[in-house]
Amino acid sequence: MTKLCTKYGVEKDVCEFGRRRLSPDGRQTWCRDCRREYQRAYAQKFRNPEKHREAQRRYRLRHAEKYRAHSIVRRAVNCRIVVPVWCQRCGCVTDLEAHHHDYDAPLSVEWLCSTCHGLAHRSYEGGQHAGL
């Protein structure tokens, strides 16, 4: 199933679009790549770098366990972990994110697309969902 990205008029697979409940088809109008490009440009233009750096520092202090697990996965991706090509839940082919079920086992991750990763964090049943 495909959908037209309205930013550049390119037709892409539906799983390339984020969810949006208010849309008639339930998906964003821009694909994830276009939205990411826009958000990066916006952040460079308007974000206060010192304020952002301080917020990141506070996050790392508040969530030291998560930050440590994320750092271990980032370092291991190049040498010990092979990132799959498709999402381990819905099977769509896109950039994947590492989802930890337990931060005490930092290399035990599930590779998910951003939609499934968001659903995993919002779900009370351990991230299991139907219908993607």
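The values are calculated or read from the model by the stated rules, or taken from the named source; none is laboratory data. This one's a predicted model, so the numbers in the text were calculated from it and none came from an experiment. Note that we place each Cβ from the backbone using ideal geometry, even for glycine, and neighbour counts take in every protein chain shown. The protein model used for the area step is the full one, side chains on, heavy atoms only, and it has no ligands, DNA or RNA in it. Shrake-Rupley method; radii C 1.70, N 1.55, O 1.52, S 1.80 Å.
Computed over protein heavy atoms with a 1.4 Å probe, the accessible surface of the range 16-112 works out to 73 Å² per residue.
Helix-only estimate, please: 222 nm mean residue ellipticity of the chain, summing -39500 (n - 2.57) across DSSP H runs of length 4 or more and dividing by its residues, to the nearest 500.
Computed ellipticity for the chain at 222 nm equals -12500 deg cm²/dmol.
Computed with a 1.4 Å probe on the full set of protein chains, the accessible area for Leu22 sits at about 150 Å². Put the Cα centre of the range 55-80 next to the Cα centre of the range 1-53 and the gap is 25 Å.
Loop-only check: which chymotrypsin sites (Phe, Trp or Tyr not before Pro) in the range 55-126 are DSSP coil with at most 13 other Cβ within 10 angstrom? Passing sites in the range 55-126 are Tyr124. Rounded to the nearest 20, the size of the Cβ-charge dipole of the range 35-76 about its Cα centre is 40 debye, with Lys and Arg at +1 and Asp and Glu at -1. Residues considered: Cys116, Cys90, Cys15. Largest GNM mean-square fluctuation over the chain, using C-alpha springs under 10 Å, is found at Cys90.
How much of the calculated P(r) for the chain lies past 20 Å, in percent of all Cα pairs?
Looking at the chain, the distances longer than 20 Å represent 58 percent of pairs.
Applying a DSSP loop filter and a limit of 13 other Cβ atoms within 10 Å to the trypsin sites (Lys or Arg not before Pro) in the range 13-61 leaves Arg20, Arg21, Arg47. Quick check: at a probe of 1.4 Å, how many percent of the accessible area of the range 67-128 sits on carbon and sulfur atoms? Accessible surface attributable to carbon and sulfur in the range 67-128 totals 52 percent.
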